[in-house]
Each structure stands twice: as C-alpha cells, then as structure tokens.
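Novice: Next up is a structure, given as structure tokens.
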Amino acid sequence: MVAKTFQGLEEVLAEELRNLGALNVEPGKRMVSFEGDLEMLYKANMCCRTALRILKPIYKFIATDTDTLYEMIKEFDWSTVLSPEKTFSIDTVAFSDEFTHSRFVTYRVKDAIVDWFTDRLGEGKRPGVRLQDADVMINVHIAGDRVTLSLDSSGESLHKRGWRVAQTEAPINEVLAAGIILMSGWRGDKPFIDPMCGSGTFLIEAAMIAANIYPGIYRRGFAFEAWPDFDQELLDKLYNDDSQERTPEFPIIGADMSPKAIEIATRNVKSAGMAKYINLEVKPLSQWTEAPADGIIVTNPPYGERISADDMEGLYELIGNKLKTVFTGYHAWIIGYRIEHFNAIHLSPSVKIPLLNGSLECELREYVIFEGDYKAYRQAGNKLHRGDEQPAGDKPEKKRRLTDREWTGEARRKGFGGKVARTGGDRPERRAKGDRDERRPRRFDDKAPRRFDDKAPRHFDAPAPVEVEPENPLALRRNPKALSMLKGKTPSLPASDGPIMRPRRGWKKK
C-alpha cells in the first residue's frame, strides 16, 4: 500500500505506520510505502494523523503511448472492483515525456474500463462516471513508461477529519498541524500553548494526540466501505476500540486577539468533543505576562500573504520579546514564510525544517528558551542545536582558498550556469543586473521578498586537487626536456631578397 502525505512529513508518517504494525515501511517523496492486511488498511485510514490518503495498487504495467495504455487497461479484470450498478472516478498524476496531458490519459482509462464492460455485458451495461462521491476511486500514476493503477481507499482527503464546522480566513491544514506537533516530540507530557490559535486547529490536534483519540472517528465514511471485500465487523471493532485512550494531564491553552476567531475555535472544539481539555480566551499576545512552567508553544503567525498585521516585523519582534520574558523554559515551534520576519524575533533557532503550507514554501523553526547565558546552559548538559555537535577533542577542519581550476569546476557543479564569465583571472565575473542565469541561486536584496528557496550559498567546501588530463591530445606527446632547451632562444629566419609582404593594390612607394 501507499500512504500519501505532505513534503517534509514522510518520516513522521513512516513512524506512525510502524507503530501501527505495518511491515516493510519505506519513506519516499510525499509518500510512504508499506505492507499489511485488510485490518492494516483500515487502521492506516482510521489512525494515521499525517496521511492524506491510502492507496492500494492493483495493476502495474509498461506503456509507451495511449494506445498501449488503452489495451493494457482492457486486459485487467474490472469485475473484481466494479459492477454496472456502481460509479467510479479517476485521478491521474503523470510524470512522463510520453503522457504529457493528464486529462487525456483520464479519458483513455475511462474509455477502456467502459469498453471492458460493454464488450462483455452489452451496450448500456456499464458503471457510471461520477466526479464527486463515486463508489470506486481509481488513482493512475505514470512515471516515465511505468503505469500503476491503485484504488483510493480513503475517499475524501484524510485531512478532512469531520470536526471542523467553521474556519478563519487561512486555517492551517489538519495533517500539517498534526505533523508539526509530532515532530516537536510533544505527546501530552507538558503544557501546550498556541497564543495565536485562529480556528483552533493546533489545539484540537494536540488534544487528540494527548488523549490518543483516532482522527478518523469523526469522518462520515471511507471509500473502502464500497469495495466488494468490505468487512463491516472489522471496521466497527476498530472504531469502537477506546482501550488506548487516556485523559490529558497537562493544560492545553489557546488565545487570539480576535473575538471572532475565538468564537470559531470554540465551535470547532465543541464539535470535536475536546472542550473539557482546551482552555480558550480572547487575549492579544501583548497581554501575556505569565504562563505554566516548562511548556511548549506551537503556533502559526500571519505571513503577510492572506492574513497580515499592520506591522509584521513588529509582530515578530513582539513574539521574540514574549518568548524571552514570559515563556522561559519553553520550546517554541513557529512556522513562517519570510526570512525577515524570523530575523525580527532576534533568537537563534535550534532546528530549521522546510515545509509546504499549501503552495507556500515555509520553514518550521524551534526556539529553546533557557534561563541565564548559553555557557551555563551547555555546562548543565543541555544542547541547543540537534545533531550537529562537534565531538569532544575534535577541531573543525580549516577551509582553504580554492584554486582557480577548483573554483571554476565547483561553480559549475553548484549550478552557476554552464559557462563562467571571466575577468582578467579565473574568478567568475559579477554579472550585470538583468543578465542573471536563472539557474544561479538568487541573492537577497531589499526589494525582492526573502523566501527560503532564494538562499545563495555562502561558501564552498574545497575538494582535494585533482590532476586533470589535458584536453589537447597532442599535449600527451610533448617532451618537457626538449621544450626546456628552447627557453631564451628566438627563431632565426633566412635573409629575404625582396619585401616580406605584397604591397596593397593602389599603393605607390614614395
């Protein structure tokens, strides 16, 4: 099976599947493959907090054109998954030079399925096509000439939990919110605060994690319930199993400066049945003066895109001030979009994780707020940065200046274009404005928005010198000893009887 997710959450989803008992779990790009039985398929849909949908591959083949695709689709026994009384829909994703139009691929797959039934049952005896709420949802994935057909067992995306009854202007996706909380390591073992909670997504997902309540229990249904092998008794058993649920022991607190946002959050919290675990209040960030000790903050401040404040940098500067004065001893996890906003916090992050929030390339940062100075914090056995500590006794390797040959080769390897402009030496020349190679990383300036995909490399780690074979094949036959004998000598020419050059037409000697 294949579980789809957002970029950056693959490892979190893989860990969830392993904890559920899945076998051969392998993270990929925006997906995790795994193996299991029918119960595992149901549990993946019901229990995974960071999965968007669960696919079950049913047919794989090679096709180099649409005619071959059509014929191969007709070879599959479609009576095993469809009947004339059911409806179906097709979702196509293609990464191929041959299949460049996903809608045309969808039409050909639909024609092949319909023709399979009409050829065997007669005209009019065929399943219907339905774009929304179809009985059977078929996923077509093409990579090059490799085609994989899968059944979508989820139906609606799994981020649609079923508890949301209202939302603010730009709510964070439920799957992304749960993924951020799980990445933080929080499992209900300390106070949880979102001081800019909006519609309450972080709070509700945190409460479900702390209470160990499955996110799928709120949904109206799953696509696999329309499959021929659907086991109603097995699903009811999983749905009614509350043996692992527990009561959260630490407070979950949410606040927002907008009364309307708190009203919406209150409705969502009640819909999810989490009102007894979550405390909500109308409270601007500037009014925070105290907080429970040793907690965690997870929040999604405005980016200045769909939601903005009058002074965005002032808002982020206020966040930094409150972290230092009110939330000492906390771990703060903040997702943001612009580098200048993060810079306004004036704190050094311990973790930076790139994430996609919708179409925006964002970054998740963790800030460890400790008392005293950094030296005392380290002497107490704590670490600020994760996984990048220098081993005791080891000194960092000194970086040497690159040679001209190495600089040119390294610049090409790093993506500074196929050719390197030169001045008098071998260093790349600064290009004129407007003449930048699109492959060259963009540098920050004061006019362009600073985003995380615009970072330019600050330095190059020099590789060891490599002996390069001369491109000129005649150079291999040169005799260095013979060449050294010619140093300091000039060629001698025989005396000429006449002019060396022929006079130009119309030129007369004076």
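The values are calculated or read from the model by the stated rules, or taken from the named source; none is laboratory data. Note that the structure is a prediction, hence the values are computed from the model and not measured. Neighbour counts run over all protein chains shown; Cβ positions are idealised from the backbone, glycine included.
Novice: Picking from Val147, Val136, which residue would you name as being closer than 30 Å to His101 by Cα and in contact with a Leu (Cβ under 6 Å, 6 or more places away or on another chain)?
Specialist: Val136
Novice: Do we have Ala293 as at pLDDT below 95, assigned to a loop (DSSP other than H, G, I, E, B), within 28 Å of the chain's Cα centre (by Cα) and among the small types (Gly, Ala, Ser) here?
Specialist: For Ala293, the condition - at pLDDT below 95, assigned to a loop (DSSP other than H, G, I, E, B), within 28 Å of the chain's Cα centre (by Cα) and among the small types (Gly, Ala, Ser) - is not met.
Novice: May I pose another question? Determine whether the range 71-83 contains at least one residue that is surrounded by fewer than 15 Cβ atoms within 10 Å (Cβ to Cβ) and hydrophobic (A, V, I, L, M, F, W, C).
Specialist: No; the residues of the range 71-83 include none that is surrounded by fewer than 15 Cβ atoms within 10 Å (Cβ to Cβ) and hydrophobic (A, V, I, L, M, F, W, C).
Novice: Could I ask something else about it? Could you please find all residues in the range 87-107 being under 13 Å from Ile138 (Cα atoms), surrounded by 16 or more Cβ atoms within 10 Å (Cβ to Cβ) and either in contact with a His (Cβ under 6 Å, 6 or more places away or on another chain) or not aliphatic (A, V, I, L, M) (or both)?
Specialist: Thr87, Phe88, Ser89, Thr92, Thr106
Novice: While we're here: Tell me the residue from Ala166, Ala170 that is among the small types (Gly, Ala, Ser), touching a Ser or Thr at 6+ places or on another chain (Cβ under 9 Å) and at pLDDT below 90, please.
Specialist: When all the criteria are applied, what remains is Ala166.
Novice: Taking the options Met1, Met40, Met31, name whichever one is aliphatic (A, V, I, L, M), under 30 Å from the mean Cα position of the chain (by Cα) and modelled with pLDDT under 95.
Specialist: Met31
Novice: Can you list the helices (runs of 4 or more DSSP H) found entirely within the range 30-141 that contain at least 1 residues being more than 22 Å from Asp229 (Cα to Cα)?
Specialist: Qualifying helices (runs of 4 or more DSSP H): 66-74, 102-121.
Novice: Next up: All but one of (1) more than 24 Å from Glu263 (Cβ to Cβ); (2) modelled with pLDDT under 90 hold for Arg126; state the number of the condition that does not hold.
Specialist: Result: Arg126 fails condition (2) only.
Novice: For the range 161-169, does any single residue satisfy the condition of being polar (S, T, N, Q) and more than 28 Å from Ala291 (Cα to Cα)?
Specialist: No, every residue in the range 161-169 fails to be polar (S, T, N, Q) and more than 28 Å from Ala291 (Cα to Cα).
Novice: Looking only at the range 1-14, which residues are touching a strand residue (DSSP E or B) at 6+ places or on another chain (Cβ under 6 Å), of a type in the set (A, V, I, L, M) and either exposed (fewer than 15 other Cβ atoms within 10 Å of the Cβ) or in a helix (DSSP H, G or I) (or both)?
Specialist: Result: Leu13, Ala14.
Novice: Is it the case that Thr168 is crowded, with 24+ Cβ neighbours inside 10 Å and of a type in the set (S, T, N, Q)?
Specialist: So Thr168 does not fit the description; no.
Novice: Let me ask another. Against the definition (loosely packed, with under 14 Cβ neighbours inside 10 Å and either assigned by TED's automatic domain parsing to the domain that holds Ser79 or not β-branched (Val, Ile, Thr) (or both)), how does Arg120 come out, yes or no?
Specialist: Yes; evaluated as a whole, the condition is true for this residue.
Table: residues versus (1) closer than 30 Å to Glu174 by Cβ; (2) surrounded by 20 or more Cβ atoms within 10 Å (Cβ to Cβ); (3) modelled with pLDDT of 90 or more.
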site: Arg338; (1), (2), (3): yes, yes, no
site: Leu356; (1), (2), (3): yes, no, no
site: Cys362; (1), (2), (3): yes, yes, yes
site: Gly372; (1), (2), (3): no, no, no
site: Ala376; (1), (2), (3): no, no, no
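Novice: Further question on the same structure: When you look at Ser243, is it crowded, with 17+ Cβ neighbours inside 10 Å and either farther than 21 Å from Ile193 by Cβ or of a type in the set (Lys, Arg) (or both), yes or no?
Specialist: It is false that Ser243 is crowded, with 17+ Cβ neighbours inside 10 Å and either farther than 21 Å from Ile193 by Cβ or of a type in the set (Lys, Arg) (or both).
Novice: Step by step: first the residues of the range 252-262, then only those that are under 31 Å from the mean Cα position of the chain (by Cα) and not small (Gly, Ala, Ser), then the one that is surrounded by the fewest Cβ atoms within 10 Å (Cβ to Cβ). Which residue is that?
Specialist: Met257
Novice: Now for a different question. Going by the conditions given, is Met196 touching a Pro at 6+ places or on another chain (Cβ under 9 Å) and either modelled with pLDDT of 95 or more or at negative phi (or both)?
Specialist: Yes.
Novice: Right, next: Taking the criterion of being within 28 Å of Lys29 (Cβ to Cβ) and assigned to a helix (DSSP H, G or I), would at least one residue in the range 342-364 satisfy it?
Specialist: yes
Novice: Next question, about the same structure. Please enumerate the residues belonging to the range 15-26 that are surrounded by 21 or more Cβ atoms within 10 Å (Cβ to Cβ) and either aliphatic (A, V, I, L, M) or touching a Phe, Trp or Tyr at 6+ places or on another chain (Cβ under 9 Å) (or both).
Specialist: Leu17, Ala22
Novice: Can I ask one more? Just need a number here: residues in the range 36-94 that are farther than 20 Å from Tyr107 by Cβ, acidic (Asp, Glu) and either free of Cβ contacts under 8 Å to residues at least 24 places away in the same chain or touching a strand residue (DSSP E or B) at 6+ places or on another chain (Cβ under 8 Å) (or both).
Specialist: Residues flagged as farther than 20 Å from Tyr107 by Cβ, acidic (Asp, Glu) and either free of Cβ contacts under 8 Å to residues at least 24 places away in the same chain or touching a strand residue (DSSP E or B) at 6+ places or on another chain (Cβ under 8 Å) (or both) within the range 36-94 amount to 2.
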